[in-house]
Every structure is written in C-alpha cells, then in structure tokens.
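The values are calculated or read from the model by the stated rules, or taken from the named source; none is laboratory data. The structure displayed is predicted, hence computed values, not measured ones. Quick reminder, even Gly has a Cβ in these numbers, built from the backbone with ideal geometry, and neighbours come from all protein chains shown. Ligands, DNA and RNA are excluded from the accessible area calculation, which covers all protein heavy atoms including side chains. Shrake-Rupley method; radii C 1.70, N 1.55, O 1.52, S 1.80 Å.
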Amino acid sequence: MIEGTQMTFDFLTSVNQTDNTALDAHNNTHGYDMAQVSPFPFEQLFIDAIDAEEIHNHNSMAVCGDSLQIMKQMKNGSVKLIFADAPYNIGKDFGNNSDKWETVQQYTDWCKLWIDECLRVLSDDGTMYFMTATQHMPYLDIYVSEKYNVLCRIVWTYDSSGVQSKKMFGSLYEPKLLERIIKASSNEGDIVFDPFAGSFTTSAVAVRLGRIGIGIDLNREYFEMGIRRTGISNEYNGKLLVKNKIRKTNAKSKYVRGKYMKIK
C-alpha cells in the first residue's frame, strides 16, 4: 500500500513546434497600487462569449466550468504564464468530481489534451508549469519533450497536513512556491492563468503581485472561494462569501511528496 505520492512539476515554455487571509488580493505588500490598475478587457481573450459561468473585476476573472472546453474558446498566445495543478488520478474526492480514470492511458490521454490547449493559449515567450503524480510523469515527460522545450524538472516535498511546511516556511507551501514562480516567470500586468484553480491560490497571489489573474474550476464551492480570495467580490448571487476552513479533499493519506517540472 502506498502511503503517499510524488508529484512532478514540468516547467515548459512555448516554442511553436507543432484559505489564507494573508493571500487575499486586498493585502498588497509589494507596493503595487491596485487602485491605479485599468480594467482589463477579459472579453478580448476569447473567440466568443464564454459558455460558462464567470465573474470578473478589473484584474481578476473566476470561471466555473470545464477547463478543457473553456480553453478551446480562448485565443492563441493570449496568456504569459500558466500554472496547472491538474488531478493526479490517485482517487481523491473533490466534492463534485472524483480524481480517478479507469486506466492510466485514459488519464494520460486527457492530460495531453489540456497540455496542448495550454501551450496553444500560451504566448511565444510565455512559460508553463504543470504537476502530476510521479508514476504518470514519465508518460507526459516524453510527450512534452517531443513537442515543446522542457527547461527543468523541480522536486518539491511537503506534508499535505501543512505542519511541515509551516515549520519550514512559516506558511503553506503553495503561496511561497507560487510567489517565486510568478515573480520569476512574469512581470506586472502580465496574465497568469490557472486552468485547475482549486481554491484560487494562483490567482490570489498573482493579483497581489500586480498581475492579471484568471482561474477556472469545476467545483462551485471553490469558484465562490476564488471570487472572494482574488478580491472580485465578497458577495455572489445574494450570498455573502466568507472564509470557511474546509478540507480540500477527502483523501485519507496525510503525507504527499511533491515533484515539479518546468516547460518553455
């Protein structure tokens, strides 16, 4: 029986070959004046009107829906940085959808579809990071290496309970990791896109650092969390959005080891 899993993070760039209150967007600790940001024309990123529920303000957009289908509506080369933390096919329960495919082949085939869509919407000088379980990364590593430019593979080990990461970094791993990624691979005003947004940490950090955040998630609970965390609104459809401590998944395994990879 495997107690945990390693995740590999590919860091790629396009080459045209074929709930943490401190993370709320309102808490700007980097000297970026959010009041001076002009409203971003999100509609210009899409070929047609989005066939999904969405809400946005001047610098953040949250979408509730199937990321693969929504990405197909996005224009080529429209975003600068992508962070994709997709399901790992290890059986985690995300509330309204389960992270499990019948075969590894079906899972990797699905991953290839969204990876290709991500690289299509990535700008020629953009960067994409993606994660998956170690046992699946060899299949995807070969695939992306044949089509794109893999810059490096990054290993990140953490305790999913948050205890270890708090001792080491003073916070959960995602904010610190994402802050380094966003600063290294984008500039203020660039679009940072997360097609599997979860609790919208990527968008929250991106907005706090003066970027334009776009996040998609299939789970309505996380969609509403993203609306609040990125500063879009504290209310949605008459519902007051407040911070609740929730367990992200119903997975029983306490420990998860992380491995990451970078593509360009």
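Suppose each label sits 7 Å from its Cα in the direction of the beta carbon; what would the Lys239-Arg120 distance come out to in nanometres?
The answer from the label model is 3.2 nm.
What is the set of long-range amide H partners of Met61 at a cut-off below 5 Å, with H atoms built 1.01 Å from backbone N?
Gly213, Ile214, Gly215
With all protein chains present, calculate the accessible area of Tyr139 using a 1.4 Å probe and round the result to the nearest 10 Å².
120 Å²
In nm, to one decimal, how far is the Glu188 label point from the Cys152 one, both placed 7 Å along Cα→Cβ?
Distance between label points: 2.6 nm.
Starting with the highest mean, order 82-90, 50-58 by the number of other Cβ atoms within 10 Å, averaged over the residues of each peptide.
Result, highest mean first: 82-90, 50-58.
Would you pull out the residues with amide H under 5 Å of Arg153's amide H, same chain only if 5 or more places away, H placed 1.01 Å from N?
Under 5 Å from the amide H of Arg153 lie the amide H atoms of Lys262, each far enough along the sequence or on another chain.
Cα-Cα over 25 Å: which of Lys72/Lys112; Lys72/Lys183; Lys75/Lys112; Lys80/Lys176?
Violating the 25 Å limit, Cα to Cα: Lys72/Lys183.
Measuring from label point to label point, each 7 Å out along Cα→Cβ, what is the Ser38 to Arg180 span in nm?
Going by the 7 Å Cα→Cβ label model, 3.5 nm.
Amide H to amide H under 5 Å from Ala84: which residues, 5+ apart in sequence or cross-chain, H placed 1.01 Å off N in plane?
Tyr129, Phe130, Met131
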